[in-house]
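Comments concern the structure below.
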Amino acid sequence: MSGAPGAGRHQVETDAQLATRLAVEAGQLLLELRRRMFASGVPSWQVMDSGDLAAHKFLMREFSDLRPGDAVLSEEGADDSRRLGADRVWIVDPLDGTNEYGEPGRDDWAVHVALWETGRLTAAAVSLPAMALVLATDPAPEMPARRFEKPRLITSRNRAPYAAVVVANELGCEAVRLGSAGAKAMAVVLGEADIYIHDGGMYQWDSAAPAAVAEAAGMHVSRVDGSPLVYNARDAWLPDFVVCRPEFAEPVLDALWGDRWRARRDNGWN
């Protein structure tokens, strides 16, 4: 869609172009800040805190300038309940994978920028700054060919969620561990994994942009019970997330629920 009215030199940007540019520029800001702070001997905790705040402030300035009428839900900002009555809400994670960002040399962290409009996500981008990559809804990534003989399941670097263990055992998956939610979801989009499952708790900003980009690429995206992800809900908590190649959607849900998920689907997820 066309961009909403705004001021400044980027006024002609569509929402998708804006999401992409902001994800990239916030990532560049984070890379330079990280380089400079580590070179100065700053402790990791301060690098992480500074990165979260700097990227958040950058995004908020840009939205204020270019989309002044839009609401914003950001991990680093106060949740303004006025978003619940808004037609347009940007859902952003200025630095997804803060712990990875605070470890020199790690590249599995991301910037998420997504736009929700009247019930659905309409534009999004996920940048992987340390990999010099950005994936967006427009132009959408092409679905890559499968690379692996055994299904490859990607999960948290710190712990394996129960749902991931169940699916890995049932489908005979090779398990791979990675950092941020954005990095894991984009690994599926890039063909580096086939399945990503998370059931250990997360928020709307953790999954909104990855979900939109993955869906634009033709991937299956849902909650772990197969139901749709709902954004701009009053509670920012959205605790689980599945991204996988479409041919694995039913096997994954069958491994977790048997036929029960189909009964709920056929009953409108009630």
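Values as computed for the structure displayed
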| quantity | calculated |
| --- | --- |
| Criterion: under 12 Å from the mean Cα position of the chain (by Cα), among the β-branched types (V, I, T) and under 16 Å from T122 (Cα atoms) - qualifying residue of V221, V230 | V221 |
| Hits in region 252-263 - residues which are exposed (fewer than 15 other Cβ atoms within 10 Å of the Cβ) and not small (G, A, S) | D259, R260, R262 |
| Contacts under 8 angstrom Cβ, first residue in region 168-197 being part of a loop (DSSP other than H, G, I, E, B), partner among the acidic types (D, E) and surrounded by fewer than 24 Cβ atoms within 10 Å (Cβ to Cβ), 6 or more apart | G179/E100; G179/D108; S180/E100; S180/D108 |
| Considering residues of region 240-268 that are assigned to a loop (DSSP other than H, G, I, E, B) and in contact with a helix residue (DSSP H, G or I) (Cβ under 9 Å, 6 or more places away or on another chain) only, the residue nearest to V166 (Cα to Cα) | D240 |
| Any hit, region 203-212, residues being within 30 Å of A71 (Cβ to Cβ), within 18 Å of the chain's Cα centre (by Cα) and surrounded by fewer than 21 Cβ atoms within 10 Å (Cβ to Cβ) | yes |
| Any chance A125 is within 15 Å of the chain's Cα centre (by Cα) and buried (at least 16 other Cβ atoms within 10 Å of the Cβ) | yes |
| Hits in region 1-36 (condition: of a type outside the set (D, E, K, R) and at pLDDT below 95) | M1, S2, G3, A4, P5, G6, A7, G8, H10, Q11, V12 |
| G179 within 18 Å of the chain's Cα centre (by Cα), in the same structural domain as Q204 (by TED's automatic domain parsing) and within 24 Å of V24 (Cα to Cα) | yes |
| Per-region count, region 118-153, residues touching a helix residue (DSSP H, G or I) at 6+ places or on another chain (Cβ under 8 Å) and not in a loop (DSSP other than H, G, I, E, B) | 15 |
| Single unsatisfied condition, A23 versus (1) in contact with a Phe, Trp or Tyr (Cβ under 9 Å, 6 or more places away or on another chain); (2) in a helix (DSSP H, G or I) | (1) |
| Positions within region 56-86 being among the hydroxyl-bearing types (S, T, Y) and loosely packed, with under 15 Cβ neighbours inside 10 Å, in sequence order | S64, S81 |
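The values are calculated or read from the model by the stated rules, or taken from the named source; none is laboratory data. Everything numeric in this text was worked out from a predicted model, so none of it was measured. Every residue, glycine among them, receives a Cβ derived from its backbone with ideal geometry; neighbour counts consider all protein chains shown.
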